[in-house]
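Visitor: Pasting in a structure now, in structure tokens, and then I'll have a few things to ask.
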Amino acid sequence: MVGSIHDAEDIVQETFLKWLMTEKEKINNTKAYLIKAVTNNCLNHLEALKRKKNEYLDNLKPSELIDWHKFADLKKIDLDHEVSHALDVLHRKLEPLEKAIFLLREVFNFEYEELQHLFDKKKDNCRQLFCRAKEKLSNESSRIKIDIPNPKSFLNSFKKANELGHLADFIQHLGSDISTKLKKL
């Protein structure tokens, strides 16, 4: 709801702390109470952000708008380029299953048990695929060439997974990549 995993975590924590201090006898349905409380806190947070934005825009002078480029975060452009390049290297050097296991393990800290259930492979096999991926990435050259069907969509799903914690689209991209490779075999 709030568009930021960090804000969402803060809101949930605040709600939980308030819940710990309330009289539980007055609450008929704890789950419904907590859901409603979190939802209300999210809406309050969004309203507060809207107010701050409006206050900022009301106090903004036209001359400040002209010099916007001086304050632009140019590092973000470099970061986008670096992430795009890193994902391109992964696509070129790793097989789809290796890439999926490597990214989920290395970037999102998935445990081998989770990977085992997600890809229907044994834990040892997942561990071996992860080690193989790390080894391939440490080599300077690779003979593997993999075409990415929709690189921009893949990059966007990776960013959403990383910034917002929305892993479903990213995992779906990884799965379709694996399926495509299996169909070619």
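The values are calculated or read from the model by the stated rules, or taken from the named source; none is laboratory data. Values in this document were obtained by computation on a predicted structure and should not be read as measured data. All Cβ positions, glycine included, derive from the backbone under ideal geometry; neighbour counts span all protein chains shown.
Visitor: How many of the residues making up the range 160-175 are exposed (fewer than 15 other Cβ atoms within 10 Å of the Cβ) and modelled with pLDDT under 75?
Guide: Total meeting the criteria: 4.
Visitor: Being more than 19 Å from the chain's Cα centre (by Cα), more than 24 Å from SER84 (Cβ to Cβ) and at pLDDT 75 or above narrows it down to one residue among LYS122, LYS184, LYS134; which is it?
Guide: Matching residue, one of LYS122, LYS184, LYS134: LYS122.
Visitor: For the range 96-104, does any single residue satisfy the condition of being more than 12 Å from LEU174 (Cβ to Cβ) and either of a type outside the set (S, T, N, Q) or out of contact with any Leu (no Cβ under 7 Å at 6 or more places or on another chain) (or both)?
Guide: No: the range 96-104 contains no residue that is more than 12 Å from LEU174 (Cβ to Cβ) and either of a type outside the set (S, T, N, Q) or out of contact with any Leu (no Cβ under 7 Å at 6 or more places or on another chain) (or both).
Visitor: Let me ask you something else. List pairs: first in the range 111-132 and in the same structural domain as LEU174 (by TED's automatic domain parsing) and in contact (Cβ under 8 Å) with a residue 60 or more places away in the chain, second part of a helix (DSSP H, G or I) and of a type outside the set (Lys, Arg), Cβ under 9 Å, 6+ apart or cross-chain?
Guide: Here the result reads none, with nothing in the range 111-132 linked to a residue that is part of a helix (DSSP H, G or I) and of a type outside the set (Lys, Arg).
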